[in-house]
Amino acid sequence: MAEDALWYEAALLVGVTNALNVVADSPLESLEPARPSAEAQEVFAEILAFYDRADVPVAFRRVAADPGYLADLWGATRRVFADNRLTRRHKEALAFAVSVTTRSSFGTTFHLGEMRRLGVGERGAMEVLGVTQMFSSYTKIADTLQLEPDMDGIAAVDPSPAPGGAPLPPRTATPEAP
Amino acid sequence: MPTVRLRDASEYPAPIQKLFEIAKAWFKYDFAQPPAMSRVMAWDPELGAFHGRAMKRAMAPGEWSRAEKEMVAAVVSGVNACAY
């Protein structure tokens with residue numbers, strides 16, 4: 001996990017997970033269109049295929065009154081949850097941890113279901129829950145005592161460029177003043 | 001700045017200092033001082049022992065690798081807005 005690319009991917013996943021959860025957990029039933037438009041139905045079909053399920057998750061139904069927005073939200077969601085440098089299975093575990101930590105009822109149930117669907121066993125789910133719980137403890141202890149980071153030296157800095165970008169020029173020593 | 005004075009490893013009794021050495025091996029990193037969290041948990045060894053074992057059990061490779069679990073820990077810390 002030394003490459004920044006993996007951490008960028010994880011951070012983007014955390015953001016989208018939270019974005020879905022805040023809408024799904026809010027009392028927004030009245031925003032769900034009774035008869036979604038044909039455009040929205042097309043997006044729904046992609047969502048159902050991606051998750052291999054019969055019902056569209058509530059987070060998407062609630063924004064379906066604006067099919068263009070729905071399509072972009074879905075595009076972002078599909079991108080961050082699809083297999084990439086991180087596996088989809090691992091991403092669902094991260095999303096589950098985020099959802100438990102933020103007390104998202106929708107996210108916790110949804111991502112636990114996705115983890116199981118993707119083959120994670122009860123032991124695997126318990127492992128993620130254990131890590132989530134332990135670090136929910138450590139973080140609060142650290143915050144209460146206002147501990148300062150002291151472990152950032154463990155990981156090396158990743159010198160690779162941004163995707164598609166040029167690598168950093170090699171560092172040359174600055175000549176010292178005489 | 002921490003709200004308490006973090007004690008140096010040398011201020012802890014010998015059995016705790018041994019635990020700090022074990023922690024170094026766990027992190028595979030030669031800290032000048034044990035991490036602040038290790039020193040905090042060592043303040044109450046009876047709690048620290050249970051908590052530390054639970055943490056090591058949770059972080060041990062199983063269905064997920066240690067690295068995958070470290071990323072879970074990092075996102076939980078991030079969501080909790082914990083800079084440490």
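General observations
- Within the straight-line cut-off of under 21 Å between alpha carbons, the lysines reachable from A:LYS140 are B:LYS56, B:LYS69, sequence neighbours fewer than 8 places apart in one chain being disregarded.
- Where a label projected 7 Å from the Cα of A:VAL58 along Cα→Cβ would reach, residues of the range A:1-39 with amide N under 13 Å: A:21-32
- Cα centroid separation, the range A:118-150 to the range B:9-56 (Å): 18
- Accessible area per residue for the range A:48-177 is 55 Å², calculated with a 1.4 Å probe on protein heavy atoms, without ligands, DNA or RNA.
- Residues of the range B:21-38 with amide N under 16 Å of the 7 Å Cα→Cβ point at B:SER10: B:32-34
- Nearest-ten-degree value, helix A:122-144 long axis tilted from longest Cα axis of chain A: 60
- Value of Rg/Rh across chain B [Cα atoms, Kirkwood radius]: 0.97
- Unit charges on C-beta of K, R, D, E only; dipole of the range B:23-62, Debye: 180
- Residue by residue along A:100-111, Cβ atoms of other protein chains within 10 Å of the local Cβ number 1 on average.
- Between A:PHE106, A:PHE135, A:PHE81, the Gaussian network model of chain A with springs among Cα atoms under 10 angstrom shows the greatest mean-square fluctuation at A:PHE135.
- The phi torsions of the range A:145-157, fed into the Karplus equation with coefficients 6.51, -1.76 and 1.60 and a -60° offset, translate into couplings of 8, 6, 5, 9, x, 9, 10, 6, x, 5, 9, 6, 6 Hz, rounded to whole numbers, with Gly and Pro shown as x.
- Projecting the Cα atoms of A:ALA19, A:ALA38, A:GLY113 onto the charge dipole of the range A:1-125, computed from C-beta unit charges around the Cα centre, puts A:GLY113 farthest toward the positive end.
- MRE, 222 nm, helices only [DSSP H, n ≥ 4, -39500 (n - 2.57), over chain A, to nearest 500]: -19000 deg cm²/dmol
- Between A:ARG103, A:ARG89, A:ARG123, the GNM of chain A built on Cα springs shorter than 10 angstrom shows A:ARG123 fluctuating the most.
- Taking the convex hull of Cα positions in chain A, its mean projected area over all directions (nm²): 15.5
- FRET efficiency, B:TRP43 to A:ALA11 (Cβ-Cβ, R0 30 Å, nearest 0.05): 0.35
- A Förster distance of 35 Å, applied to the separation of the beta-carbon atoms of B:SER65 and A:ARG78, puts the FRET efficiency at 0.85.
- To the nearest ten degrees, helix B:45-59 and the longest principal axis of the Cα atoms of chain B are 20 degrees apart.
- Averaged over the residues of B:53-59, the number of partner chain Cβ atoms lying within 10 Å of the residue Cβ comes to 4.
- Oblate is the label for the range A:45-86. Its Cα gyration tensor axes, ordered a ≥ b ≥ c, give a/c of at least 1.5 and b/c at or above a/b.
- Helix-derived mean residue ellipticity, 222 nm - over chain B, DSSP H n ≥ 4, -39500 (n - 2.57), to 500: -18000 deg cm²/dmol
- Leaving ligands and nucleic acids aside, the A/B contact buries around 3800 square angstrom of accessible area in total at a 1.4 Å probe radius.
- Candidates A:ASP83, A:ASP72, A:ASP150, ranked by Gaussian network fluctuation over chain A, Cα under 10 Å, top entry: A:ASP150
- Taking one quarter of the surface of the C-alpha convex hull of the range A:81-146 gives a mean projected area of 4.9 nm².
The values are calculated or read from the model by the stated rules, or taken from the named source; none is laboratory data. Nothing here was measured: the structure is a model prediction, and the numbers come from that model. Reconstructed Cβ throughout: ideal geometry from the backbone, glycine too, with neighbour counts over all protein chains shown. Side chains included, ligands, DNA and RNA excluded: accessible areas come from the protein's heavy atoms. Shrake-Rupley method; radii C 1.70, N 1.55, O 1.52, S 1.80 Å.
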